[in-house]
Amino acid sequence: MENKNSENLWRGNIVNRRKFLGRSAIASLGLALNPFSMVAHGETGAANNGEGKTFTGTAPNRRKLGNLEVSAQGLGGLPVVGFYTSGVRDQSLVNKLYREAYDNGVTFFDTAEVYGPLTNEKQVGEAVAPFRKDVVLATKFGFDVDPDTGERRGIDSRPKTIRRSVEGSLKRLKTDYIDLSYQHRVDPNVPIEDVAGTIQDLMNEGKVRNWGLSEPGLNTVRRAHAVQPLSAVQNEYSPWSRDPETDILPLCEELGIGFVPWCPLGYGFFADAINENSRFSEGDFRAILPRITPENIPQNLEMLYYIEEWGLRKNASPSQITLAWLQAQKPWIVPIPGTSNSVHLRENIRANDISFSSEELKEFNSGISDITIAGTRNAQGVMDAMGVEAPSEG
């Protein structure tokens, strides 16, 4: 349980993420020697969901998304394209970051055609080229993106647009196959059966090996899976965005589909990178997020403080507690925190060593459920494209 001396040292003096890293560097050295431990999450052997679908155990540093085996944590690509601040990162820095991730056991890398647009796939493709055959590349289609200018012209999953997108992704990623291809958002004008059929053809051609959906409607998942089994669903999921627990996670468990939380650290909020004094520059997407406006941050910091208290108990940073909590929910959940900073990368990876007993998990969930969050969970334009059901055939 809690180390009282450690608690007394920290209580009343909650430090931010970077100060924490400095103080805990020595304590973390032992964790760094074994950055992936399934035992730390209580996930060993096989788990039956009660519906006849069994999820088999994997090596300690691996998890399953459907039949696709990946590292227990992935790496999201948005930060290196300058989604938040500082612009597109120099390719040499991206190469170094991805090499460090790979050397520390990360083999699951996430990007998308619209990240940039068209920029991030090029960054990731070059960065992973030296070890391409040893990693899983995930990217996304589903928007009409001009291949020359990068102009994004709206949601579009017509078969010809999917094919153009996949062909472009293959070139930018410098590969001849995509391990996991997601429909980025459900197209309200194209039956999901047409989408699944097109992906099935691309699989038969060897260009795509697995596929998934991002932020789909529940019935769309069932219909898509019936045509071509899905390996993963990627939805927003974090301590303040727990909607997946009531609907999509039970469905994924029933069908044997893996789950990939995007934005697991709440756009940096649960990495202790945002506080009541934070102001965002023009072009930073976070400037329009309802939960981190000046009027809502003070209330929402209560959840961060709660997570920091758990950090005291487990000698961990808020980001580590958050990622470990997500991984503790199910053995087939694989978060993909993004970063452009190697220190934060190593910090995130060490979350794999933090355990939650069943009683601790129950206590943690109860605690965050008692905290009221101010503001809707995302910008309205993003929300409008979530949970969409594809139209029926014919």
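The values are calculated or read from the model by the stated rules, or taken from the named source; none is laboratory data. All figures in this text were calculated on a predicted structure; none of them were measured in a lab. For neighbour counting, all protein chains shown are included, and Cβ atoms are generated from backbone atoms with ideal geometry for every residue, glycine included.
Do we have PRO229 as under 22 Å from PHE108 (Cα atoms) and in contact (Cβ under 8 Å) with a residue 60 or more places away in the chain here? Quick ask: steps written out before the conclusion?
Working: under 22 Å from PHE108 (Cα atoms): yes; in contact (Cβ under 8 Å) with a residue 60 or more places away in the chain: yes.
Yes; evaluated as a whole, the condition is true for this residue.
Which residue, of GLY150, GLY217, GLY142, is buried (at least 17 other Cβ atoms within 10 Å of the Cβ), farther than 22 Å from THR107 by Cβ and in contact with a Gly (Cβ under 7 Å, 6 or more places away or on another chain)? Break it down into steps so the answer makes sense when it comes.
Values: GLY150 fails: buried (at least 17 other Cβ atoms within 10 Å of the Cβ); GLY142 fails: in contact with a Gly (Cβ under 7 Å, 6 or more places away or on another chain).
That would be GLY217, the only listed residue that is buried (at least 17 other Cβ atoms within 10 Å of the Cβ), farther than 22 Å from THR107 by Cβ and in contact with a Gly (Cβ under 7 Å, 6 or more places away or on another chain).
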Kindly indicate whether any position in the stretch 261-268 is in a helix (DSSP H, G or I), under 27 Å from THR220 (Cβ atoms), of a type outside the set (D, E, K, R) and under 19 Å from the mean Cα position of the chain (by Cα). yes
All but one of (1) farther than 14 Å from ASP179 by Cα; (2) surrounded by fewer than 19 Cβ atoms within 10 Å (Cβ to Cβ); (3) touching a Phe, Trp or Tyr at 6+ places or on another chain (Cβ under 8 Å) hold for TYR102; state the number of the condition that does not hold. (2)
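Restricting to the stretch 369-385, and then to whatever is of a type in the set (A, V, I, L, M) and out of contact with any Lys or Arg (no Cβ under 8 Å at 6 or more places or on another chain), can you tell me which residue is farthest from ARG286 (Cα to Cα)? Lay out the reasoning, then the answer.
Of all residues in the stretch 369-385, those of a type in the set (A, V, I, L, M) come to 371, 373-374, 379, 382-383, 385.
Filter once more, so that each one left must be out of contact with any Lys or Arg (no Cβ under 8 Å at 6 or more places or on another chain): 371, 379, 382.
Working: ILE371: 22, ALA379: 9, VAL382: 12 Å.
Per the criteria, the residue is ILE371.
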For the stretch 243-260, which residues satisfy the criterion of being assigned to a loop (DSSP other than H, G, I, E, B) and closer than 24 Å to ALA351 by Cα? ILE257
Selection status of GLU282, of a type in the set (Asp, Glu) and out of contact with any strand residue (DSSP E or B) (no Cβ under 8 Å at 6 or more places or on another chain): yes
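State whether one or more residues within the stretch 227-242 are modelled with pLDDT under 95, assigned to a strand (DSSP E or B), of a type outside the set (Asp, Glu) and on the phi < 0 side of the Ramachandran plot.
Keep residues of the stretch 227-242 that are modelled with pLDDT under 95, which gives none.
No, that holds for no residue.
For the condition touching a Ser or Thr at 6+ places or on another chain (Cβ under 7 Å), under 30 Å from ALA129 (Cα atoms), crowded, with 17+ Cβ neighbours inside 10 Å and modelled with pLDDT of 95 or more, what is the one hit in VAL166, VAL190?
On the way: VAL190 fails: under 30 Å from ALA129 (Cα atoms).
On inspection, the qualifying residue turns out to be VAL166.
Is it true that some residue in the stretch 280-289 is surrounded by 20 or more Cβ atoms within 10 Å (Cβ to Cβ) and among the aromatic types (Phe, Trp, Tyr)?
We begin by selecting, within the stretch 280-289, every residue surrounded by 20 or more Cβ atoms within 10 Å (Cβ to Cβ); these are 286, 289.
Going one step further and asking which of them are among the aromatic types (Phe, Trp, Tyr), we end up with none.
No - not one qualifying residue is present in the stretch 280-289.
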Here is a check on your reading of the model: is ALA196 over 24 Å from LEU326 (Cα atoms) and either in contact with an Asp or Glu (Cβ under 7 Å, 6 or more places away or on another chain) or not charged (D, E, K, R) (or both)? yes
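Please go through the stretch 278-297 and pick out each residue that is of a type in the set (A, V, I, L, M) and either in contact (Cβ under 8 Å) with a residue 24 or more places away in the chain or not in a helix (DSSP H, G or I) (or both).
Filtering the stretch 278-297 down to residues of a type in the set (A, V, I, L, M) leaves 287-289, 292, 297.
Passing the criteria: ILE288, LEU289, ILE292.
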Those residues of the stretch 97-134 which are assigned to a helix (DSSP H, G or I), under 18 Å from the mean Cα position of the chain (by Cα), of a type in the set (A, V, I, L, M) and over 23 Å from ASP146 (Cβ atoms), in sequence order: LEU97, ALA101
Step by step: first the residues of the stretch 69-96, then only those that are touching an Asp or Glu at 6+ places or on another chain (Cβ under 8 Å) and not in a loop (DSSP other than H, G, I, E, B), then the one that is farthest from LEU230 (Cα to Cα). Which residue is that? GLN91
Among the residues in the stretch 55-68, are any assigned to a loop (DSSP other than H, G, I, E, B), surrounded by fewer than 21 Cβ atoms within 10 Å (Cβ to Cβ) and at pLDDT below 50? yes
I'd like to verify a number: residues in the stretch 153-185 that are assigned to a strand (DSSP E or B) and either touching a His at 6+ places or on another chain (Cβ under 7 Å) or touching a residue at least 12 places away in the same chain (Cβ under 8 Å) (or both), how many? 6
How many residues, within the stretch 186-208, are touching a residue at least 40 places away in the same chain (Cβ under 8 Å) and part of a loop (DSSP other than H, G, I, E, B)? 7
